[in-house]
Amino acid sequence: MFLLKLLLKNAFRHKLRAALTVTGIAIAILAFGMLRTVVDAWYVGVEASSATRLVTRNSISIIFPLPLSYNEKIRQVEGVKAVSYGSWFGGTYISEKNFIPAFAVEAKTYLRMFPELMLPPDQEEAFMADRKGCFVGQKIAKRFGWKIGDTITLKGNIYPGNWEFVLRGIYKGKYKSTPEDQFRFHWDYLNETLKKTVPRRADQIGFYMIEVKKPELAAPVAVKIDSMFKNSLAETITETEKAFQLGFIAMTEAIVMAIKMVSYVVIIIIMAVAANTMAMTARERIGEHAVLKTLGFGAPYIVLLVFGESLVVSAVGTFLGIILTYPAAGVFADKLGDWFPVFNVSQRTIYMDIAAGVVVGLTAAVFPSWRAVRLRIADGLRRIG
Amino acid sequence: MEQSSRPVVEIKGLSKSYMRGSQAVPVLQDITFDIMEGEFIALMGPSGSGKSTLLNLIAGLDKADSGSVIVGGVDITGLTETDLASWRASNVGFIFQFYNLIPVLTALENVVLPLLLTRLSKKERINHAVTALSVVGLGDRMDHYPSQLSGGQQQRVAIARAVVTDPAIIVADEPTGDLDRVSAGDVLNLMDRLNRESGKTIIMVTHDPRAAEKAHVLRHLEKGVLTDVSS
């Protein structure tokens with residue numbers, strides 16, 4: 001207890017230096033936490049994936065379509081519980097900067113397969129009854145001030161032209177990781193319009209979503225589906241929803257990797273700053289360490305004091321950094337909600353913050369404590385005066 | 001309390017040199033003498049004569065190149081660093097020229113410090129420290145930090161810290177070197193009392209002839225060699 005009191009007093013003896021070091025560590029932990037949250041936000045689709053859902057797409061690329069006729073064939077594969085399908089629509093609202101993640105989906109099967117999109121029953125009914133109907137996440141509705149019954153016009157990118165929809169439902173995400181920025185409308189509406197405008201693009205879909213009866217059937221069902229369409233004009237690749245999402249992320253892996261690297265570099269930099277501070281502190285304490293050794297305090301006590309002091313400073317900085325991460329993430333989510341629809345500071349990020357803080361505290365104390373232990377008492381006492 | 005004829009410290013053939021670059025500079029050469037139990041000895045000599053080095057070797061703060069230092073029957077030159085640390089904690093009290101108190105601890109906490117290495121309870125540690133501070137006349141300054149005390153008072157706290165574990169030997173390196181005349185007198189009187197009333201063996205390095213007057217034995221060092229003994 002006495003030594004704890006001593007190391008606490010020592011930690012804040014140089015108030016300005018301690019404050020600057022604590023601030024530096026807090027900012028580094030804040031930056032680290034934010035960068036890790038960005039990485040998590042990148043993987044949010046993966047986290048929201050279900051183990052019983054598969055995605056089938058064209059084996060050449062996601063941008064190549066599949067025939068609608070595959071629907072019935074896939075439905076008959078043993079182990080398949082339900083099949084839905086859809087196409088990526090994209091689109092912008094009012095101006096190019098308002099990108100909308102819109103999908104045309106086979107509504108009846110889709111809503112059953114994705115219970116995490118919680119749509120009130122009356123709104124679901126209204127949506128199902130209206131061919132031009134759409135439903136959106138509450139986040140995107142709030143962003144654009146959309147209300148039930150509003151007519152929304154999207155400008156199509158993949159399917160050019162202005163597309164009109166009537167907002168029939170606003171869903172809430174069941175889990176924290178469920179994106180609430182999505183836009184869904186009837187695939188039939190898209191298909192019928194294409195039949196009139198670009199008939200060669202009609203009756204084609206972007207992907208099938210397959211629900212299997214139990215997770216362990218995912219692999220055999222995927223193999224079975226792909227083998228069914230082998231040597232056809234549109235060969236398929238069937239993978240779990242998670243693998244499908246990871247495939248998307250793989251396209252931007254370099255960015256994710258760069259963010260991860262920067263997050264570690266931030267910690268390494270603050271490690272060097274903290275180590276420098278501890279080295280200065282330990283140099284100032286040479287005389288005191290010599291006195292403690294003279295009085296009979298052995299190396300373990302000296303190491304405890306140096307490490308303890310370093311860990312106290314690091315712990316305070318880490319605590320402040322973690323506290324600041326929450327409001328900072330709130331501001332970040334508010335400003336960059338378009339790009340990161342789910343931006344939550346996860347428990348894992350907090351654990352990583354704590355681990356980074358401990359590593360900074362421990363690393364910063366290694367060299368100063370080694371020097372303090374090696375210090376010859378006579379040399380240390382000579383420094384005083 | 002009378003001094004006995006039993007040697008408490010036996011120094012035999014002690015030599016020590018420091019390396020300056022690649023050259024060995026001898027500091028102590030073949031020093032041999034005994035210090036009796038309860039003796040108050042002053043080591044004198046010009047700067048660089050090796051007196052502080054000799055004191056450090058007797059107190060187990062440094063290692064000799066050759067020779068032995070036997071304190072209370074224990075050859076401390078053969079002890080490991082860890083054993084030396086615990087030996088110092090229970091056998092030697094230290095008084096330094098610049099007091100060497102821990103600035104973030106109060107007078108009481110500074111005196112409690114060496115007792116942390118004992119088996120005493122917290123209450124017993126505080127009681128011992130309060131008694132030691134009362135003995136040196138600082139019973140009313142226990143909660144003061146070193147920066148709130150005068151030089152003389154700080155040195156008295158250092159003396160309380162040196163005696164609180166009740167060591168047999170007290171080593172003092174220029175204990176009055178940083179004090180004014182009055183404070184130096186107080187400190188010397190205190191050390192004299194500790195020697196006479198408590199029978200502590202005191203080994204003091206000093207330049208100050210007034211301080212040396214308090215000692216029973218004066219030993220002079222010149223260029224690392226004992227030159228003179230006077231009582």
Amide H proximity to A:VAL166 below 5 Å, modelled H, separation 5+ or other chain, gives A:GLY133, A:CYS134, A:ILE152
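Find the percent of Cα-Cα distances in the stretch A:60-234 that exceed 21 Å, and round it to a whole number.
Working: 7840 of 15225 pairs.
Percent of Cα pairs beyond 21 Å in the stretch A:60-234: 51.
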Scalar couplings 3J(HN,Hα) for the stretch A:132-137 by Karplus 6.51 cos²θ - 1.76 cosθ + 1.60 (θ = phi - 60°), nearest whole Hz, x for Gly and Pro, are 8, x, 9, 9, 9, x
A correct Karplus calculation of ³J(HN,Hα) over the stretch B:18-35, with 6.51 cos²θ - 1.76 cosθ + 1.60, θ = phi - 60°, whole Hz and x for Gly and Pro, returns 10, 8, 10, x, 9, 9, 8, 9, x, 10, 10, 10, 6, 7, 9, 6, 10, 10
Share (percent) of C-alpha pair distances in chain A greater than 27 Å works out to 61
Here the stretch A:221-302 gives, from Cα atoms, an Rg and Dmax in Å of 29.1, 87
Unit-weight point scatterers at every alpha-carbon of the stretch B:55-113, Debye formula, q = 0.13, 0.26, 0.30 1/Å: log10 I(q)/I(0) is -0.42, -1.09, -1.28
Simple spin-label estimate for A:LYS335/A:ALA234, 7 Å along Cα→Cβ, in nm, reads 4.4
Calc'd 3J(HN,Hα), the stretch B:188-201, phi into Karplus 6.51 cos²θ - 1.76 cosθ + 1.60 (θ = phi - 60°), Hz, glycine/Pro = x, comes to 5, 4, 4, 5, 4, 5, 4, 6, 6, 8, 10, x, 6, 7
Shape descriptor, the stretch B:116-231: equivalent ellipsoid semi-axes (Cα gyration tensor, sqrt 5λ, whole Å, largest first) stand at 28, 17, 12
Taking max minus min of the Cα coordinates of the stretch B:119-169 on each principal axis, largest first, gives extents in Å of 32, 25, 15
Taking Cα atoms only, helix B:151-163 is inclined relative to the longest principal axis of chain B by an angle, in degrees rounded to 10, of 80
Any DSSP H helix in chain A with Cα axial reach of 30 Å or more and mean Kyte-Doolittle score of at least -1.0? Listed by number, the hits are A:15-42, A:253-284, A:299-335, A:347-374
Expected unfolding gain across B:LYS63-B:SER15 under the 0.36 nm per residue rule, minus the alpha-carbon gap, is 16.3 nm
Note on the stretch B:87-108: residues buried by at least 10 Å² of accessible area once partner chains are added (vs chain on its own, 1.4 Å probe) come out as B:ARG88, B:ALA89, B:PHE94, B:PHE96, B:PHE98, B:ASN100, B:ILE102, B:PRO103, B:VAL104, B:LEU105
Tilt, helix B:81-91 to longest principal axis of chain B (alpha-carbon atoms), in degrees rounded to tens, equals 60
Expressed as a percent, the accessible surface of the protein assembly as shown that is carbon or sulfur, using a 1.4 Å probe and the full set of protein chains, is 58
Once both label points are put 7 Å beyond Cα along the C-beta direction, the A:SER61-A:TRP88 separation in nm becomes 1.0
A student asked for the Cα radius of gyration and Dmax of the stretch B:7-230 in angstrom ought to give 17.3, 53
Probe 1.4 Å, all chains present, heavy atoms only: A:TRP187 accessible area in Å², nearest 10, is 10
Taking the alpha-carbon centre of each part, the distance from the stretch A:205-280 to the stretch B:12-63 in Å is 71
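Can you give the accessible area buried between chains B and A, summed over both chains, with a 1.4 Å probe, in Å² to the nearest 100?
Working: alone 11080 and 19920 Å², together 28860 Å².
By this definition, chains B and A bury close to 2100 Å².
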Taking a crude spin-label model, label points 7 Å out from Cα along the C-beta direction, the A:LYS213 to A:THR252 distance in nm is 3.9
Using eta = 1.567 mPa s and T = 4 °C, Stokes-Einstein with Kirkwood Rh from Cα pairs puts D for the stretch A:167-218, in µm² s⁻¹, at 90
In Å², rounded to a whole number, the accessible area per residue of the protein assembly as shown with probe 1.4 Å is 47
The long-range amide H neighbours of A:LEU68, using H built 1.01 Å from N in the peptide plane and a cut-off of under 5 Å, are A:ILE205
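Given the stretch A:60-234, what percent of its DSSP beta bridges are antiparallel, to the nearest 5?
Values: 25 of 34 bridges.
Roughly 75 percent of the beta bridges in the stretch A:60-234 run antiparallel, per DSSP.
Just the C-alpha atoms of the stretch B:1-43: what Rg/Rh do they give, with Rh taken as the Kirkwood radius? Write down the numbers at each step before the final one.
Numbers: Rg = 14.9 Å, Rh = 12.3 Å.
With Rg and the Kirkwood Rh in hand, the quotient comes to 1.21.
In percent, how large is the relative contact order of the stretch B:7-230, given Cα pairs closer than 8 Å and 6 or more residues apart?
Details: 445 pairs, mean separation 64.4, N = 224.
With pairs under 8 Å counted, the relative contact order is 29 percent.
Taking a threshold of 20 Å on the Cα-Cα distance, which of the pairs A:LYS132/A:LYS213; A:LYS73/A:LYS196; A:LYS97/A:LYS242; B:LYS12/B:LYS223; A:LYS5/B:LYS122 fall above it? All intermediate terms of the calculation are to be shown ahead of the outcome.
Details: A:LYS132/A:LYS213 32 Å; A:LYS73/A:LYS196 27 Å; A:LYS97/A:LYS242 29 Å; B:LYS12/B:LYS223 18 Å; A:LYS5/B:LYS122 14 Å.
Flagged as over cut-off: A:LYS132/A:LYS213; A:LYS73/A:LYS196; A:LYS97/A:LYS242.
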The set of residues whose placed amide H lies less than 5 Å from the amide H of B:GLU222, leaving out same-chain residues fewer than 5 positions away, is B:THR227
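The values are calculated or read from the model by the stated rules, or taken from the named source; none is laboratory data. Owing to the predicted nature of the structure, the values given are computational and were not obtained by experimental measurement. Note: ideal-geometry Cβ built from the backbone for every residue, glycine included; neighbour counts use all protein chains shown. Ligands, DNA and RNA are stripped out before the accessible areas are found, and what is left, the full protein with its side chains, is counted by its heavy atoms. Shrake-Rupley method; radii C 1.70, N 1.55, O 1.52, S 1.80 Å.
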